[in-house]
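The values are calculated or read from the model by the stated rules, or taken from the named source; none is laboratory data. These figures come from a predicted structure and were not determined experimentally. Here the Cβ positions follow ideal geometry from the backbone for every residue, glycine too, while neighbour counts run over all protein chains shown. When the accessible area is computed, the model is the full protein with side chains, heavy atoms only, and any ligands, DNA or RNA have been set aside. Shrake-Rupley method; radii C 1.70, N 1.55, O 1.52, S 1.80 Å.
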Amino acid sequence: MVFKRLLGALGVGGPSVDTVPDDGPVRPGGPLSGQVHLEGGSADHEIEQISLELVAQVEAEHEDGEREGTVAFGRFAVGGGFRLAEGERRSVPFTVTLPWETPVTELHGQQLGVVLGVRTELAVAGAKDKGDLDPLSVAPLPAQEAVLEAFGRLGFGFLSADLELGHIRGTGQTLPFYQEIELSPSPQYAHAVNEVEVTFLATPGGMEVVLEADKRGGLFHGGYDAVNRFTVSHDGVQHLDWEAEVDSWMRQMTESRGAYAAGHGGPYPAPHDGGHPYEAAHGGGHHRSGPGTGAVVAGAAAGLAVGAVGGFVAAEVIDEVFDDDDEDDD
């Protein structure tokens, strides 16, 4: 028995853990529920604490190019303080609340190529052992879905989505990274921009929508990045003409240099102050009709050409490579 306890302390014959979230995608700012299934090893163990860690695969720019790694963006203690007997099976239910800025991984069931996961950590007799990464699916908030669908109906196409390590200055961003959803321009705006990047920064009261347009150069000037951000509410989403609203955002971005001409990493402008987006009524008769972004994403998943990119590249979570990775646990 002494030898078995020693093996358990060394991680040999120790308890195993498997975290199973409830079925269906979750949403930013909403609950994540499930069960942590434990199975005792070859000896009894004192389970001091069970922790869940939210992990994201992100990209960062380095001198030798972009590198990928995993970054933790949430940590929750969900149980502990009990003895797990040899071979015993036990399930610990949990419910935690996701950060409002949690990235979106899917739209209408189609994966966007963003990788999130839940990692379970057991604290056993003073030692910590991290389990495997269990995938996490996150669907958009109603306002996020409405904005993306409006872009799709206006004729924009889905190119890619990724997570960038860093902070967007001038915003209320709280996580150490942000999500960029890249869209190809609609025919109406193809003469003015090469692509549009959309970033959502949600809070309990609403959401900042950061738009960055890669504007084409002209006869007497080169291209530049035009950046602006707009604030929307979670309330009344179904009552707004989102197609007209998003089109008005794009007109502001493309018709003048009023939007901030930004280099990467530069400060972003103050929120659009032309009134709350729900206050104005917009006519939609002149807007181009087209498939929603959901249909565009579905086409890409089926291998069809969408803008410059067709299909998706499966992403695999790799080991931590950033200085502020998730190994710096308390």
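So, with a 1.4 angstrom probe, what is the percent of accessible area on the range 55-109 that is carbon and sulfur? Kindly include the intermediate steps, with their values, before the conclusion.
Details: 1170 of 2700 Å².
Roughly 43 percent, rounded to a whole number.
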Measuring with a 1.4 Å probe in the full set of protein chains, what accessible area per residue, in whole Å², belongs to the range 60-126?
-> 47
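Starting from the Cα-Cα distance between ASN194 and GLU46, subtract it from 0.36 nm times their residue separation and give me the gain in nm to one decimal.
Using 0.36 nm per residue and subtracting the Cα-Cα distance, I get 47.5 nm.
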Which residues qualify? For THR97, with a placed amide H closer than 5 Å and at least 5 residues away or on another chain, they are LEU32
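Take every Cα pair under 8 Å in the range 119-234 that's 6+ residues apart, average their separations, divide by the length, and report that relative contact order as a whole percent.
That works out to 16 percent.
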Please tell me the relative contact order of the range 51-172 in percent, rounded to the nearest whole number, where contacts are Cα pairs under 8 Å and at least six residues apart.
-> 27
Packing-based ranking, highest mean first, of 80-89, 192-201, 28-37 given that Cβ atoms within 10 Å are counted | 192-201, 28-37, 80-89
